[in-house]
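The structure appears right after this line, and notes come after that.
The values are calculated or read from the model by the stated rules, or taken from the named source; none is laboratory data. What you see is a predicted model; the values in this text were computed from it and never measured. Here the Cβ is made from the backbone with ideal geometry for all residues, glycine too, and neighbour counts use every protein chain on show. Side chains are part of the model used for accessible areas, which takes the heavy atoms of the whole protein and leaves out ligands, DNA and RNA. Shrake-Rupley method; radii C 1.70, N 1.55, O 1.52, S 1.80 Å.
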Amino acid sequence: MSTTNGQWYPPEWPERIRLLSAGELTPVAPRRAATVLLLRDGPYGTAGQDAPQDARDAQGGDGEHTPDELDAAERPGAARESAGAPELADAAQGPETPPEGLRDAAGGAAGPAVYMLRRRASMAFAGGAYAYPGGSVDPRDERMVTWAGPSRAQWARRLGLDPSEGTQAQAIVCAAVRETFEEAGVLLAGPTPHTVVADTTGDDWEADRAALVARDLSFAEFLDRRGLVLRSDLLSCWARWITPEFEPRRYDTWFFVAALPRGQRTRNASTEADRTVWIRPGDAADGYDRGELLMMPPTIATLRQLVGYGSVADALAAAADRDLTPVLARARVENGELVLSWPGHDEFTKHIPGATGGPSA
């Protein structure tokens, strides 16, 4: 692992890169996946109020830090033609606890907070790293659902697919909404094309969420059972990253942004996470730079891209113009070193001495 910052860098990567360069490793096909950067205005508390030091880890506690947040909802600018926008909520009241050792200095700069979870150290992929709610597309996500927002063909074009691939585009959007509900208890759906579910707590909601996680219930069946419309207009795509070719687990992942709907409350609903937190992107990036927060390149890259937006609405409005060219790491031999790089993201470049074999394609 890196010793100067929190970049996730598995120790087996150099050998796998060398094998790929020598033509001795066959890349696996990436699975399609989606992840969601949930945003809200007001990270830990009201302006000028410091966030307290985290005591839960020292006590052995898991789960989301309390008191929980108030909520916000706003549609991305790309979807404003299709439905009326829910009202933005006020700033959060009361303190919110940041990750280990991080404090919101004198209330911090203005700007939205993002919801992050820490993957359990026992996880085979990116254990211990901070990430966003998300996961792989379920083949059943292609089943027809009641849909609000841009058409499936419009989503296909935005996601970089052929317009004829509307069903696949729906599956990616459904995966984003489904995984956010499964891992954070937040549902971007409502009884009508212009409303959002106000509360997803209670035993009946939890039973449905657990059935989705267990794959005993498809997302289409869940929405149909509850008479809900999927609000695709509450999402906007921000970035697309593909896992490097030398990784044994590969994902072609679309990163979405969305506001936390008014009335809904996040919770650590994922068995894959041992901790969750609301934090400003700049504060999280500072923790990464100090080596306190472990993150994969797509996570820290998207966090840095959010820094500077003054509100959730500002960030969502900017999403429509984002370049979704996939980012894929490349390895090459240069001056006897194997150089690992991510196009457009020079901060992640690694120089690995003693390289042998030719460069990868």
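Values for this structure:
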read-out: Pairs, first open to solvent by less than 50 Å² (accessible area, probe 1.4 Å) and modelled with pLDDT of 95 or more in the stretch 188-203, second among the charged types (D, E, K, R) and part of a loop (DSSP other than H, G, I, E, B), C-beta under 8 Å, six or more apart; value: V196/R262
read-out: Pairs where the first residue, in the stretch 206-228, is free of Cβ contacts under 8 Å to residues at least 40 places away in the same chain and the second is open to solvent by 60 Å² or more (accessible area, probe 1.4 Å), C-beta under 7 Å, 6+ apart; value: G227/P191
read-out: The stretch 235-254 residues that are in contact (Cβ under 8 Å) with a residue 40 or more places away in the chain and among the small types (G, A, S), paired with ones that are surrounded by 23 or more Cβ atoms within 10 Å (Cβ to Cβ) and in a strand (DSSP E or B) (beta carbon under 8 Å, 6 or more apart); value: S236/F256; S236/V257; S236/A258; A239/W254; A239/F255
read-out: Which listed residue is buried (at least 17 other Cβ atoms within 10 Å of the Cβ), at pLDDT 85 or above and not polar (S, T, N, Q), from A320, A315, A331; value: A315
read-out: Subset tally (residues that are touching a residue at least 40 places away in the same chain (Cβ under 8 Å), within 20 Å of D252 (Cβ to Cβ) and not in a loop (DSSP other than H, G, I, E, B)) for the stretch 144-169; value: 3
read-out: Total residues in the stretch 159-172, condition modelled with pLDDT of 95 or more and either more than 16 Å from R240 (Cβ to Cβ) or within 13 Å of the chain's Cα centre (by Cα) (or both); value: 3
read-out: Any chance R226 is of a type outside the set (S, T, N, Q), surrounded by fewer than 22 Cβ atoms within 10 Å (Cβ to Cβ) and either modelled with pLDDT under 95 or under 19 Å from V312 (Cα atoms) (or both); value: no
read-out: Odd one out for D274, checked against (1) open to solvent by 10 Å² or more (accessible area, probe 1.4 Å); (2) farther than 21 Å from Y115 by Cα; (3) in contact with a Lys or Arg (Cβ under 6 Å, 6 or more places away or on another chain); value: (2)
